[in-house]
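Read through the structure below, which is laid out as structure tokens, and then see the notes.
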Amino acid sequence: MEPVGPHPVELAGLLHELTARLLSSNSFAQALERLAVFAAGAVPGVVRCSIVLIGEGGPLTHVGYGSAGTAIDRIQYAEATIGPGLDSARSRTMITAPDLAADARWPDLIEAARAEGVHAVAAIPLDLPRAEVGALSLYFDTPDAPGADLLLTAMALANQSEVLLDELRRRDVQSSGAAVDRAIGVIIAQRGCGVQEAYDVLRDTAQRLGLDRHAVADRLIAVAARNA
């Protein structure tokens with residue numbers, strides 16, 4: 001018998017728990033890991049949840065959780081080849097595969113899917129307006145999954161995750177901006193220079209070290225705190 005999705009009250013409970021777990025994360029990266037773990041356990045029949053995000057001009061971000069499907073993820077994301085997750089992220093549409101081990105759209109994944117016992121896949125797009133597009137993929141160990149009810153549950157989780165992840169990105173941007181401002185204050189106090197010169201020092205230091213200026217700002221603040 002096909003697994004039946006949760007009652008609306010149960011679904012509301014799932015969304016509430018998801019919200020609490022993600023918003024209590026210490027970082028965006030931790031939120032992604034929590035999302036993968038939560039989604040893998042929230043939808044019956046799922047053996048792995050895989051999440052990918054693609055930003056402008058940078059490497060993709062990927063996390064996964066589950067007992068099977070690591071080779072599928074490695075082929076898709078480490079080599080940035082085609083696959084249901086990448087196709088969903090790039091097209092911003094839901095992609096389903098009733099039996100990945102026999103799906104001619106992604107021949108590079110067939111052997112891995114057979115070896116790991118992964119059959120059906122549902123990839124649901126994630127759209128984070130501030131920075132990235134992506135997809136939340138659910139891997140099932142039975143063909144023709146997840147069925148309409150469970151697919152609606154997965155879509156609800158993905159849609160809620162979009163809102164939560166975008167909010168966490170906003171918080172990260174605010175936090176990074178505050179760190180830069182504090183670092184500028186440290187440079188001004190140490191050198192007795194003006195604001196523009198302090199920004200130039202931070203920029204030049206970041207370029208010399210090959211680091212993002214936010215990372216340099218965090219280091220400056222930490223050193224200043226130790227020396228205080």
_Heavy-atom accessible surface of region 161-228: percent carbon and sulfur, 1.4 Å_ = 50 percent
_Net +/- balance of residues flanking residue 9 in space, Cβ distance below 15 Å, scoring K and R +1, D and E -1_ = -3
*Using a ≥ b ≥ c from the Cα gyration tensor of region 9-139 (square roots of the eigenvalues), is it rounded, prolate or oblate, where a/c under 1.5 gives rounded and otherwise the larger of a/b and b/c decides, a/b for prolate?*
oblate
*With the contact rule set at Cα under 8 Å and sequence spacing of 6 or more, what percent relative contact order holds for the chain?*
19 percent
_Within 12 Å, Cβ to Cβ, of residue 108, how many net charges do the neighbouring residues add up to if Lys/Arg are +1 and Asp/Glu are -1?_
-1
*Quick one: angle between helix 28-42 and the longest Cα principal axis of the chain, in degrees between 0 and 90, rounded to 10, please.*
20 degrees
*Are there trypsin sites (Lys or Arg not before Pro) in region 81-157 that DSSP marks as loop and that have at most 14 other Cβ atoms within 10 Å, and which are they?*
92, 105, 130
*Ignoring ligands, DNA and RNA, what percent of the 1.4 Å accessible area of region 31-139 is carbon and sulfur?*
52 percent
*Choice from 187, 95, 75 showing the highest fluctuation, given a GNM over the chain with Cα pairs closer than 10 Å*: 187
*Does region 86-152 classify as rounded, prolate or oblate by the C-alpha gyration tensor (a ≥ b ≥ c root eigenvalues; a/c under 1.5 gives rounded; else a/b over b/c gives prolate, otherwise oblate)?*
oblate
*In region 20-102, which GluC sites (Glu not before Pro) are in a loop and have at most 11 other Cβ atoms within 10 Å, using DSSP for the loop call?*
56, 79
_Taking amide H atoms as placed 1.01 Å from N in the peptide plane, list the residues 5 or more away in sequence, or in a different chain, whose amide H sits under 5 Å from that of residue 47._
139, 140, 141
*Could you size up the charge dipole of region 54-111 around its Cα centre, putting +1 on the beta carbon of Lys and Arg and -1 on that of Asp and Glu, and report it in debye to the nearest 20?*
180 debye
_Accessible area per residue, Å², the chain with all protein chains present, probe 1.4 Å_ = 51 Å²
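The values are calculated or read from the model by the stated rules, or taken from the named source; none is laboratory data. Just so it is clear, the structure is predicted and the values come from calculations on it, not from any experiment. With ideal geometry, Cβ positions are generated from the backbone for all residues, glycine too; neighbour counts draw on all protein chains shown. We work out accessible area using only protein heavy atoms, side chains counted, and drop any ligands, DNA or RNA first. Shrake-Rupley method; radii C 1.70, N 1.55, O 1.52, S 1.80 Å.
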